[in-house]
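First comes the structure, then the notes that go with it.
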Amino acid sequence: MGEPEAEAAWGTAMAAAQRGDAASYEKLLAELLPEVRRLVRARLFDPSAVEDVVQNALLSIHRARHTYRPERPFGPWMRAIVRNATIDSYRQSRRRSQREVGGDTIDFLPDPRPVTPGEGGLSPPLAKALEELPTKQREAVRMIQIEGLSVAEAALRAGVSVSALKVRAHRGYRALRTRLQEVSE
Amino acid sequence: MTPSSTEGLIRELARSLEPVTPRPSLVASFAIVAGLVLVEVAYIAFAFGFNPHFKAMFIDGWFGIAFIGLVVASICGAIAGLSSAEPGRERLRNATAIAAGAALSATVLACGFGILRLGVGYGVAPTADWSCFTHTIGFALLPVAGFTWLMMRGWVGQPLVGAALGLVGTGAMAALVSELACAAWGPRHLLLGHAGVPLLVAALGTIPVALLLRWRAH
C-alpha cells in the first residue's frame, strides 16, 4: 500500500474511531507507531527520550481525535500533532533541566524505623505520608510508583496531559521527601 | 519508557476509547463567529439605524482603503485563528495571518495618510473617539466569546499565536460593526475609535485566552 493509500485508510480508521470503534482504533495506532517514531526521531537529539515523546504524541493524537475531519487528509493532521508534541516535550525537558520527574525512579529517603510492610509493600511511615498527600498528587505517585504505569498511561487514566501528570507526581515526590525527612529527624 | 509500554499504552487508549463528536468544520466555525456578528448588525439596525452617509464616506480614497482593510483583516484574522485550532492547517493559517496583518497595516497606513492630508483635528471632537472606542470594545465581546469557545473545542498547538490572530480578526469584526452605525467622520476617529480596537483586543486578550486554551489542553 502506497503512502496516499495508507493515509486514506488511516483517515477512514480515525473516522471509525470517532464513532467508538475500538478495534479499528487499536489497529490504526499500531500502524501509526512506526511513522510516529520516525517523525519523533527526525526531530529529537536525545535517542533515549524517543519513546517518551512517542507516547506523548500518541496521547495527543488520542486527545485531538475530535479535531480530525474525514474530508481532510489524515497525514498533515497527524504530522502536525506529532510535531507539536515533540516540540512540547523538548521545551518541557529543557524547563525541567536537572529535575527528573519522569517517574522511572524515585530516591526516597531510607526509613529509619523497622519496616513492617503494609498495603502495597510500603513501610508504615511512607504509607502514612502518601495518604497525607493531596488526592491528585497521591494518585499520580500511586499510579507511577506502586501500580507501575507509564507516565502516559497514568496521564490517560487521570484525564490530564503528560506534563500535568508529571507536575503532580513531582510535587508529590517533593512532599513525600519532606515528610519522610521530618520523620527521620 | 520502553517500546513494550508504548504498546501497552495503545491497548489502554483503545480500551478507554469513547465516541466523540467531531469539531465543527472551519467553514462552520467561521459561520458561527460571523453569525454572532450579524446578530450585532441586526441589533444596530433596529436600535440605532445605519449611518445614512456611509456610502458618501467612500469618496475619500483613504476611507475606502481603511474600510476594505478592516473587512479583509476581520475575515482573514478569524480564519487564521480558527484554523490554528485544527492540526494540519498551518499553511492556511500562515497565509491568512499574513493577509490579515497586511490588511490591518493598510488600514492603519490609510488612516495615517488621511491624518497627514487632512490634519489630526479633522472631523469630529475627540470625545466621539472615546465613545466609539467603548462601543467597539463592547461589540467585540460576543465574537470574542464565540471564537474562544470554538478554540476551546479544538486542539491548539500554539495557543499564543492562535489567540492573537483570532482576536485581531474578531476585533476587526467589531470595528466594522460599530463603523456601520457611526456617523462620525475623519481619519483620526476611524483609527482611534474603530481600527485601533483589533490591536488593543489582541494585546489585552491574547494572554488570557492562551492561558485558557492551555488550561483546557491540560
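Read the figures in this text as sums done on the coordinates, not as results from a lab. The model shown is predicted, which means the values in this text are computed figures rather than measured ones. Glycine also receives a Cβ, built like all others from the backbone with ideal geometry; neighbour counts cover every protein chain displayed.
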query: What FRET efficiency would be calculated for the residue pair residue B:122, residue B:214, taking the C-beta separation as r and a Förster radius of 56 Å, to the nearest 0.05?
result: 0.80
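Count neighbours as other Cβ atoms within 10 Å of each site's Cβ, and list the trypsin sites (Lys or Arg not before Pro) in the range B:151-218 that are DSSP loop with at most 13 such neighbours. Write out the running numbers ahead of the final one.
Details: sites: B:153, B:188, B:214, B:216; in loops: B:153.
Of the trypsin sites (Lys or Arg not before Pro), not one in the loops of the range B:151-218 has a Cβ with at most 13 other Cβ atoms within 10 Å.
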- request: Note the full-extension length gain between residue B:204 and residue B:21 as 0.36 nm times their separation in residues minus their Cα-Cα distance, in nm to one decimal.
  value: 62.7 nm
field: residue A:5 paired with residue B:59, simple spin-label distance in nm, labels 7 Å along Cα-to-beta-carbon
entry: 6.8
statement: Reduced to Cα centres, the span from the range B:58-120 to the range B:147-218 in Å works out to 13
query: Residue by residue, what Karplus-based ³J(HN,Hα) values in Hz, rounded to whole numbers, does the range B:96-110 have, using 6.51, -1.76 and 1.60 with θ = phi - 60° and x for Gly and Pro?
result: 6, 5, 5, 4, 5, x, 5, 5, 5, 4, 4, 4, 5, 5, 5
message: Need the list of aspartates and glutamates near residue A:166 for cross-linking: C-alpha distance under 14 angstrom, and skip anything on the same chain fewer than eight residues off.
response: A:52, A:88, A:100, A:104, A:139, A:153
query: If Lys and Arg each add +1 and Asp and Glu each add -1, what is the summed charge of the other residues whose beta carbon sits under 14 Å from the beta carbon of residue B:166?
result: +2
- prompt: For the range A:4-92, rounded, prolate or oblate, judged on the Cα gyration tensor with a ≥ b ≥ c (square roots of eigenvalues), a/c < 1.5 rounded, else prolate if a/b > b/c?
  reply: prolate
task: Please determine, in degrees from 0 to 90 and to the nearest 10, the orientation of helix B:3-15 with respect to the longest principal axis defined by the Cα atoms of chain B, where the helix direction is its Cα long axis.
output: 70
message: Suppose a student asked you for the relative contact order of chain B, using Cα pairs under 8 Å spaced at least 6 residues apart; what percent would you report?
response: 28
- prompt: Thinking of the range B:31-99 as a set of Cα atoms, what percent of all their pairs are more than 15 Å apart?
  reply: 66
- line: Connecting every pair of Cα atoms under 10 Å apart in chain B and solving the GNM, the largest mean-square fluctuation among B:77, B:35, B:196 falls on B:35
The protein assembly as shown - charge dipole about Cα centre, Lys and Arg +1 at Cβ, Asp and Glu -1, debye rounded to 20: 420
message: Per DSSP helix of 4 or more residues, -39500 (n - 2.57); summed, then divided by the residues of the protein assembly as shown. What does that give at 222 nm, rounded to the nearest 500?
response: -23500 deg cm²/dmol
statement: Taking the alpha-carbon centre of each part, the distance from the range A:1-27 to the range A:128-185 in Å is 35
query: So for the pair residue B:7, residue B:39, with labels modelled 7 Å out along Cα→Cβ, what separation do we get in nm?
result: 5.2
task: Sketch the reach of a paramagnetic label on residue A:135 as a point 7 Å from Cα along Cα-to-Cβ, and name the residues of the range A:159-183 whose backbone nitrogen lies under 16 Å away.
output: A:159-160
